[in-house]
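One structure is given below, encoded as structure tokens.
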Amino acid sequence: VQLQASGGGLVQPGGSLRLSCAASGTIVSISFMGWYRQAPGKLRELVAMSNTDGGTTYTASVKGRFTISRDNTKNTFYLQMNNLKPEDTAVYYCNAIKGVPPTTYWGQGTQVTVSS
């Protein structure tokens, strides 16, 4: 599975962005899809994750502001980010886990900068 992330950019505090992660094949069989981020000088952290049952997990700092979703017809999953804050500034990476034994795939990062 190859993942292609897009949608990052520069946005003012309070603004919104939608990140997309397009997969090279079907995403129906992907067990978990997620978004991680890494800010300068910090470790990569999980932002949001979705499983095949539709269950979702969010890190506390983004709950109520970010939403992870998927479109199986487009083999793409998304991260809608609203009410962005400067502390959301980071490189965002999409991630997928598929197969038995599970294999992890990463997309390239997309930069999100929240600044006035």
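Tell me the strands (runs of 3 or more DSSP E) entirely within segment 1-80 that contain at least 2 residues that are out of contact with any His (no Cβ under 6 Å at 6 or more places or on another chain) and under 20 Å from TYR105 (Cα atoms).
3-6, 17-23, 30-38, 45-51, 56-58, 66-71
Applying the condition of being of a type outside the set (Gly, Ala, Ser) and open to solvent by less than 10 Å² (accessible area, probe 1.4 Å) to segment 69-91 and asking which residue is modelled with the lowest pLDDT yields PHE77.
Within segment 10-64, if we keep just the residues that are of a type in the set (A, V, I, L, M) and open to solvent by 70 Å² or more (accessible area, probe 1.4 Å), the residue that is nearest to VAL114 (Cα to Cα) turns out to be LEU10.
Looking at segment 7-18, is at least one residue in contact (Cβ under 8 Å) with a residue 24 or more places away in the chain and in contact with a Phe, Trp or Tyr (Cβ under 7 Å, 6 or more places away or on another chain)? Yes, some residue in segment 7-18 is in contact (Cβ under 8 Å) with a residue 24 or more places away in the chain and in contact with a Phe, Trp or Tyr (Cβ under 7 Å, 6 or more places away or on another chain).
Among VAL91, VAL112, which is the only one that is β-branched (Val, Ile, Thr), closer than 20 Å to GLN2 by Cα and assigned to a strand (DSSP E or B)?
Numbers: VAL112 fails: closer than 20 Å to GLN2 by Cα.
Only one candidate passes the filter, namely VAL91.
Scanning segment 92-105 for residues that are open to solvent by 40 Å² or more (accessible area, probe 1.4 Å) and modelled with pLDDT of 95 or more yields one hit, TYR93.
The values are calculated or read from the model by the stated rules, or taken from the named source; none is laboratory data. Everything numeric here is computed off the predicted structure, so don't read it as measured data. Don't worry about glycine lacking a Cβ; one is built from the backbone with ideal geometry, like all the others, and counts go over all protein chains shown. Note: accessible area is taken over every heavy atom of the protein model, side chains too, but ligands, DNA and RNA are not part of it. Shrake-Rupley method; radii C 1.70, N 1.55, O 1.52, S 1.80 Å.
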